[in-house]
């Protein structure tokens, strides 16, 4: 080991690598976005510190803070645009960002030194070590806090189904932008400390692709989405390099690439999963035998709803021809306390209508007003926060979260969550991962998510599909209770008998057009339902 390669130096490098891995894990593990350009923020942090130290004569602490601010500001500026992308598009965009920033720094040679680089005064080893320890502690604390409580549930939901989280009112954009900017700040601080430790930077060193590979390898080696994993992976990576003493960087990168491929193929959970440090799924088995509903079931006909202005109003709604059912000039209105049934065969446009109201499908004409507000061009999250709660034709639940855990997505009010569980008969399943429940109770979980948002309008898309007969009265009772409290309810159903029993009014869709509307008895007597179901293919 050379004189320059001392144990304090190794320890500092290990802590900085662990911080980089934890920071990368916030985006790659917690958000599920593969960032190939994270080291851009480390490079910006390095140059922020180096330029202020060499050109302005700032002390080390102020220069490191400047590097942090530069990196955080850059991440906050580009994050909203990058985070609109997903999958390979996001990964490629981040790689392009890295290349662009590196070349801009190279071109700004009067300030950055260009290819000549900048020389920094060395920090005392104790100060470098202390800074690395403090930064590492911050990174661990941030990672730990984001794994717990509401934050952990929200980030899991965003990673598993970002659109599904948005329609539950989760501010997905704010969460993803905040996590991305925070990761950029941590990465930038690590880059600033690294610049002082190395005492020299140039664009090729500060923005080296190999450092992103280091962060990814450490996170994957240790275990994505965990707190302990990236730390463990960084320690193993640094220890392996120190012990093996490979003759060149080329050999090091070759071995590292082989290890990364092997991990992805044979050990996707990393060392943390192998060591049992990843929180296991609940071991409690769901009770799949029918339980007595905890909601009083009434089969009485609903009372006439109160009169008043509509809380949901759709006028002249049209959709573009994008391969699905095209809606043509659809009108409907629902008042507070009213239960509106929507009937029609497969392919008639029922789910298309629901997705348009929830802003998951494009609209080419007409308008949608919710609680007096035009939401025709709003995002799904804005519509949810304006008062729309909904369920889906195929339940959009977060299967690995426990039932209680995902209900906390709508807030960490334990009393409200407990009362909702009891209201839906789900208390015995509170600690069971939702993916282990039968289809009927998964529907109830999804309904609970909608109810916790205190909706003005509750939109149920085939909520009884696949539900055991003993649970249908529970759903019906909840719908009636919501209407009695002034919530407007839209029930999209194939079960004509349930709609006739439950709803104040019924509309019938056929091939994207509204063909009948009125009280259930008169619509059913008109033959419109039979005509639609017999005459519409699919």
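The values are calculated or read from the model by the stated rules, or taken from the named source; none is laboratory data. Predicted, not measured: the structure shown is a model, and the values here were computed from it. Note: ideal-geometry Cβ built from the backbone for every residue, glycine included; neighbour counts use all protein chains shown.
Residues being assigned to a helix (DSSP H, G or I) and either assigned by TED's automatic domain parsing to the domain that holds residue 160 or closer than 21 Å to residue 461 by Cα (or both): count how many of those fall in segment 386-408.
Start the filter on segment 386-408 by keeping residues that are assigned to a helix (DSSP H, G or I), which leaves 386, 403-408.
Keeping just the survivors that are either assigned by TED's automatic domain parsing to the domain that holds residue 160 or closer than 21 Å to residue 461 by Cα (or both) gives 386, 403, 406-407.
Total meeting the criteria: 4.
Within segment 426-439, the set of residues being under 26 Å from residue 490 (Cα atoms) and crowded, with 22+ Cβ neighbours inside 10 Å comprises 426, 434, 437.
Going by the conditions given, is residue 46 touching a helix residue (DSSP H, G or I) at 6+ places or on another chain (Cβ under 6 Å) and within 26 Å of residue 117 (Cα to Cα)? Talk me through it step by step, then tell me what you get.
Values: touching a helix residue (DSSP H, G or I) at 6+ places or on another chain (Cβ under 6 Å): yes; within 26 Å of residue 117 (Cα to Cα): yes.
Against the criterion (touching a helix residue (DSSP H, G or I) at 6+ places or on another chain (Cβ under 6 Å) and within 26 Å of residue 117 (Cα to Cα)), residue 46 qualifies.
Could you list all residues from segment 354-385 that are buried (at least 18 other Cβ atoms within 10 Å of the Cβ) and part of a helix (DSSP H, G or I)? Across segment 354-385, the qualifying residues are 354, 355, 356, 357, 380, 381, 383, 384.
Candidates in segment 434-478 are the residues that are in contact with a strand residue (DSSP E or B) (Cβ under 6 Å, 6 or more places away or on another chain) and modelled with pLDDT of 90 or more; of these, the one that is farthest from residue 372 (Cα to Cα) is 461.
Just one of (1) modelled with pLDDT of 90 or more; (2) within 24 Å of residue 339 (Cα to Cα); (3) surrounded by fewer than 23 Cβ atoms within 10 Å (Cβ to Cβ) fails for residue 394. It is (1). The residues of segment 164-197 that are in contact with a helix residue (DSSP H, G or I) (Cβ under 8 Å, 6 or more places away or on another chain) and free of Cβ contacts under 8 Å to residues at least 60 places away in the same chain amount to a single one, 175.
Taking the condition of being surrounded by fewer than 16 Cβ atoms within 10 Å (Cβ to Cβ), under 17 Å from residue 358 (Cα atoms) and in contact with a strand residue (DSSP E or B) (Cβ under 9 Å, 6 or more places away or on another chain), how many residues in segment 321-343 meet it? Count: 1. Exactly one residue out of 529, 491 is touching a strand residue (DSSP E or B) at 6+ places or on another chain (Cβ under 7 Å) and either closer than 24 Å to residue 358 by Cβ or free of Cβ contacts under 8 Å to residues at least 24 places away in the same chain (or both): that is 491.
In the list 476, 439, 434, 463, which residue meets the criterion of being over 26 Å from the mean Cα position of the chain (by Cα) and within 25 Å of residue 355 (Cβ to Cβ)? It would help to see each step written out before you state the result.
Numbers: 439 fails: over 26 Å from the mean Cα position of the chain (by Cα); 434 fails: over 26 Å from the mean Cα position of the chain (by Cα); 463 fails: over 26 Å from the mean Cα position of the chain (by Cα).
Exactly one of 476, 439, 434, 463 is over 26 Å from the mean Cα position of the chain (by Cα) and within 25 Å of residue 355 (Cβ to Cβ), namely 476.
Of note, residue 416 does not satisfy the criterion of being in contact (Cβ under 8 Å) with a residue 12 or more places away in the chain, in contact with a strand residue (DSSP E or B) (Cβ under 7 Å, 6 or more places away or on another chain) and not assigned by TED's automatic domain parsing to the domain that holds residue 148.
Considered as a group, the residues in segment 182-223 that are assigned to a loop (DSSP other than H, G, I, E, B) and at negative phi include one that is farthest from the chain's Cα centre (by Cα), and that residue is 202. Within the bounds of segment 137-144, is there any residue that is surrounded by 14 or more Cβ atoms within 10 Å (Cβ to Cβ), assigned by TED's automatic domain parsing to the domain that holds residue 17, touching a residue at least 60 places away in the same chain (Cβ under 8 Å) and more than 25 Å from residue 227 (Cα to Cα)? Checking segment 137-144: not a single residue is surrounded by 14 or more Cβ atoms within 10 Å (Cβ to Cβ), assigned by TED's automatic domain parsing to the domain that holds residue 17, touching a residue at least 60 places away in the same chain (Cβ under 8 Å) and more than 25 Å from residue 227 (Cα to Cα).
Go through segment 30-58 and give me each residue that's part of a loop (DSSP other than H, G, I, E, B) and either free of Cβ contacts under 8 Å to residues at least 24 places away in the same chain or not assigned by TED's automatic domain parsing to the domain that holds residue 182 (or both). Correct list: 56, 57, 58.
Pick from 78, 111, 64: which is crowded, with 24+ Cβ neighbours inside 10 Å and in contact with a helix residue (DSSP H, G or I) (Cβ under 8 Å, 6 or more places away or on another chain)?
Numbers: 78 fails: crowded, with 24+ Cβ neighbours inside 10 Å; 111 fails: crowded, with 24+ Cβ neighbours inside 10 Å.
Just a single option satisfies the conditions, and that option is 64.
Can you spot a residue in segment 479-492 that is touching a helix residue (DSSP H, G or I) at 6+ places or on another chain (Cβ under 9 Å) and at pLDDT below 90? No, that holds for no residue.
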